[in-house]
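Here's the structure, in structure tokens; my notes come after.
The values are calculated or read from the model by the stated rules, or taken from the named source; none is laboratory data. Note that this is a predicted model, so its numbers are computed, not measured. We place every Cβ from the backbone using ideal geometry, glycine too, and count neighbours over all the protein chains shown. To get the accessible areas, we keep the full protein, side chains included, count just its heavy atoms, and leave off ligands, DNA and RNA. Shrake-Rupley method; radii C 1.70, N 1.55, O 1.52, S 1.80 Å.
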Amino acid sequence: MSDAAGSAVDYLPELSTLAAVRPLTAAESLFHLDMPHRALGHHPGQFVQVSLPGIGEAPISIASSPTRPAGFDLCIRRAGNVTEAIHRLKPGAKIGIRGPFGRGVPIDDCMGRNVVIIAGGLGLAPLRSLIQYITDHRSRFKAVTILIGARTPETLLFPDEYGAWRSRDIKVEVTVDVSKETWLGHVGVITNLISRIDVDPDTTVSIVCGPPIMYRFVLRKLARRNLQNDHIYLSLERRMKCGMGKCGHCQINGLYVCLEGPVFRYDRIAHLPEAL
Amino acid sequence: MRLLFLPENHVLPLARLLAARYRFWGPAAKGGAFVFEEIADVSRLRLDYSTTLLPPKQAFLPPREILARIDIETHECRSPARPGKPIALFGVHPCDLHGLAHLDLAMGEPPADAPYWRARKDAFIVGLACVQRCMPESFCDSVESHRAGGPFDWMFTPVAGGYVVELRGEAGEREASESGLFEVAGESWKKNYDETRDRIEKTFSGRRLNLASLSSDLERSFQDGWWEKLADRCFSCGACTAVCPTCVCFDVQDEIAEGCRMAERCRSWDSCLIRNFAEVAGGENFRKLRSERLRHRMMRQGAYLAGRFGLPVFCVGCGRCPHACLGKISPLEAFEHSRKFPIRRYAQRLVEHIKNGVTRHE
Amino acid sequence: MKKLRIAFYSFTSCEGCQLSLLECEDQILDIVGAVEIVRFREASSFKGGEFDADADVSFIEGSISTAHDEAALQTVRMRSKKIVAFGACADLGGVNAIRNRQDAEVVKERVYGKYVKWIHTSAVRPVSAVVHVDYALHGCPVDKDELARFLFGLVAGRRWAEPVAPVCFECKLRQNVCIFHKGGTCLGPIVRGGCRAICPAYGSGCDGCRGLAPDPNLPLMRRILRDHGLGPDEIGRRLDLFNASAVPDAMRRELTGRA
């Protein structure tokens, strides 16, 4: 008991400053935040709780790599009270931060292997952290492929960065569900892209993040490419409220997404009926 | 184990002594029932109580509390200080002692919850043995929480003319010797004590669960259609979790205070039964159905948290939830039913499920 | 910073919900510090036109039961950025809607006697049946603390989150003895909370002034009420007190057990 009392953690946010805002789509913007007193010290795939006093807190995954100096990025979609209020902020504004929380992508398991990153919609935001990490340490990874899906060309995230990723010897394939005539890329669901790439099941790991509906389709396709469940990582969305495995909101069967996730190795959750 | 004797007429003087040093909580009567609350006038103490509407959990995890006070202009924030004196809980029944032990595990798992431990630290806890069943719905014996256990400093067992008190730990010894109200337990008291303990064992001898297999039985029954049938009797109102001594789920909301100068980040008890509990900002609800939410609660109590903390079960059988439930749903019923879900059917379902993850939309 | 302009308008009602703002005694100075009240007939000496103010948020109290009400409400909607259905009458039709289930002429005759030919009323409707409603504050009357939180939330720029948990949940937190255990009957398990179970706290079963909670288990409620001696007619009357017109027929049938 005394141990718990001694090392207990409070729910107090630390102050960060909004350094820059970059509009990405109609609903999403990229917010660059600086912490005055420390580096965030996160791993790709982890999340923070952002808050504004009087509005509340919301869990947001970190969209930049810890290898990038000075601050961190959050790609935020206007979806609730907190995110809408953050979209109204101007540079210089203060934002409360708790975290980072959870377990991110196990980088060690990706090093020396082929990496296939599969991102649907807003799922690219947390994966951008991993992508930046890879571009900053490109030699530690073998072939890297990024598959990106979005509803329309207009809702694609970070399209201006694909060129830089490609220049680091990364294959980037993009598809949209619906397009206008001006779109020259692929049209169709993201699973179509999986059939188009080379997958060596022994040396490949895949990291997947997207809307809940996407996972089953993608997993089916990866299974067809003979990728084993223990070579697949999924980043799952739930309602993380406390970030400390207490409030119960993010629970998937017996797991707390905020402690054991949000990135899970698929074989460890395949048996959980609530996971997908 | 050191035993002392406390004569019946020393109980109130003892309570008064504790009330001077601690914020004193105990059972008191309210509207035909009992509540466990902070009591200023210790003569309201009712050690003859059956059970309380809410468990003593709220002493450490109040239904609503401020986690942080934040200045809206400067964003400067602090956690509110607890009132100086530690808390004393007087007369906690064994089920609730076990409940407190479970709370300590849930709130102590790293990262431990600071607001809880600020209230919990240095708390003085006095247990009180049950010699009779408090209500027909209780099933403490089936989950083996009818005996003294959990974090007590003193454990009172009623005997003729007073209580035999088991002391535990440094605080228990210190408070007992400083009070000067205890007597050395003589041979006759000890005999009386043993008899009472035998009587307790006889009274609470209904074992209806196989605790060794409970959690695996329950997890196996996950896909059983029976949960939907059970949910016909569920309002999904959250009364069960509200009265539960081991439920810790909470919501966090900001409130504005002090003329719009301060924000108070408040947490209040929430319930996994409430419809939007697992809903995310985008609108997806991961437990849309009443039956899914009801099953989740039973799984938390019987399997998930038990497994997490290496216990056979996370429910203490206090009987409050079946008593509060208008559909008369009891964890005991769910736990018992889980044994009936055959292993063969489970294995089949599991294989189907894992295959579905990758093949259903072929 | 420009203050939020709020207005209070009253239609068919007892005007008791408006009073809850005045009852926010210890918070009233904070409230008027944060908002500008542009119309509030019950509490102001303003002598100008009644429905001619532009407001950020208009609180509509009362149900709509005359052509005049309807026209005035349309005006208010046009001049207001947000409309709040304020209290049970505006939100559900409320007590007034009881008469929708009776013969309109008979009711008028009984209430107005020889003056009945001067009275032109229509069926009672909630505000949302006439204009688009942005928010609802539930209850008969509305809860003053909820009103204060609502106002402060608006000022802070936070969207209002409707209470979702039924009355039962809050009733347990308040350590009330269950009304059913005391031999009474209560709609608490199926009614939207947020009232902190005030009626059960004072020994009276819930009558549903805040409307039904989302996804209520109506067949179970019917069985329990039946076991406690309430037949279909009695359940119907209980529901009608505030929800005579607020519950879709199919759900009403499920609850009362009568076609």
Mind telling me which of the residues B:S213, B:S205 ends up being more than 11 Å from chain A (Cβ to nearest Cβ) and outside any loop (DSSP other than H, G, I, E, B)?
B:S213
Can you pull out every residue in the range B:315-329 that is open to solvent by less than 20 Å² (accessible area, probe 1.4 Å) and either hydroxyl-bearing (S, T, Y) or within 14 Å of B:S138 (Cβ to Cβ) (or both)?
B:C315, B:V316, B:G317, B:C318, B:G319, B:R320, B:C321, B:P322, B:A324
Quick check: anything in the range C:185-203 among the β-branched types (V, I, T) and open to solvent by less than 10 Å² (accessible area, probe 1.4 Å)?
yes
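Every residue, every condition in (1) more than 14 Å from every other protein chain (Cβ to nearest Cβ); (2) touching a Cys at 6+ places or on another chain (Cβ under 9 Å); (3) part of a helix (DSSP H, G or I), yes or no:
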residue	(1), (2), (3)
A:V189	no, no, no
A:D198	yes, no, no
A:F217	no, no, yes
A:R220	no, no, yes
A:L227	no, no, no
A:C242	no, yes, no
A:G245	no, yes, no
Only unsatisfied item for B:I70, checking (1) farther than 30 Å from B:S205 by Cα; (2) part of a helix (DSSP H, G or I); (3) within 14 Å of chain A (Cβ to nearest Cβ); (4) open to solvent by less than 10 Å² (accessible area, probe 1.4 Å), is (2)
Working only within the range C:209-225, note down all residues that are within 7 Å of chain B (Cβ to nearest Cβ), touching an Asp or Glu at 6+ places or on another chain (Cβ under 8 Å) and part of a loop (DSSP other than H, G, I, E, B).
C:N217
Selection from the range B:132-160 of residues that are assigned to a loop (DSSP other than H, G, I, E, B), in contact (Cβ under 8 Å) with a residue 40 or more places away in the chain and touching a strand residue (DSSP E or B) at 6+ places or on another chain (Cβ under 6 Å):
B:A148, B:P151, B:F152
State which residue pairs qualify: first residue among the aromatic types (F, W, Y) and inside the range A:1-15, second residue modelled with pLDDT of 90 or more in any location, beta carbons under 6 Å apart, and separation of 6 or more residues or different chains.
A:Y11/B:L67; A:Y11/B:A68
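Let's see how each residue does on (1) at pLDDT 90 or above; (2) over 24 Å from C:A156 (Cβ atoms):
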| residue | (1), (2) |
| --- | --- |
| C:E36 | yes, no |
| C:E42 | no, yes |
| C:K47 | no, yes |
| C:D52 | no, yes |
| C:D56 | yes, no |
| C:S63 | yes, yes |
| C:A67 | yes, yes |
| C:A72 | yes, yes |
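Yes/no per residue for (1) in contact (Cβ under 8 Å) with a residue 24 or more places away in the chain; (2) more than 11 Å from every other protein chain (Cβ to nearest Cβ); (3) open to solvent by 10 Å² or more (accessible area, probe 1.4 Å):
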{"position": "B:L89", "(1), (2), (3)": "yes, yes, no"}
{"position": "B:A119", "(1), (2), (3)": "yes, no, no"}
{"position": "B:D122", "(1), (2), (3)": "yes, no, yes"}
{"position": "B:A129", "(1), (2), (3)": "yes, yes, yes"}
I'm told B:H75 meets every condition in (1) at pLDDT 95 or above; (2) on the phi > 0 side of the Ramachandran plot; (3) surrounded by fewer than 21 Cβ atoms within 10 Å (Cβ to Cβ) except one. Can you identify the failing condition by its number?
(1)
Counting only residues in the range B:258-296 that are outside any loop (DSSP other than H, G, I, E, B), over 24 Å from B:S338 (Cα atoms) and free of Cβ contacts under 8 Å to residues at least 60 places away in the same chain, the one nearest to the other protein chains (Cβ to nearest Cβ) is identified as B:E279
Could you go through the range C:123-142 and let me know if any residue there is open to solvent by less than 70 Å² (accessible area, probe 1.4 Å), over 30 Å from B:G327 (Cα atoms) and within 10 Å of chain B (Cβ to nearest Cβ).
no
Within the range A:14-52, the residues that are touching a Gly at 6+ places or on another chain (Cβ under 8 Å), closer than 29 Å to C:A161 by Cα and open to solvent by 20 Å² or more (accessible area, probe 1.4 Å) are A:E14, A:L15, A:T17, A:H32
So, first residue without any contact (Cβ under 8 Å) to a residue 40 or more places away in the chain in the range C:192-218, second residue open to solvent by less than 40 Å² (accessible area, probe 1.4 Å) and among the aromatic types (F, W, Y), Cβ within less than 7 Å, six or more apart or across chains; the pairs are C:G193/C:F169; C:D207/C:F242; C:G208/C:F242; C:N217/B:F235
Would you pick out the residues in the range A:28-51 that are within 12 Å of chain B (Cβ to nearest Cβ) and modelled with pLDDT under 95?
A:P36
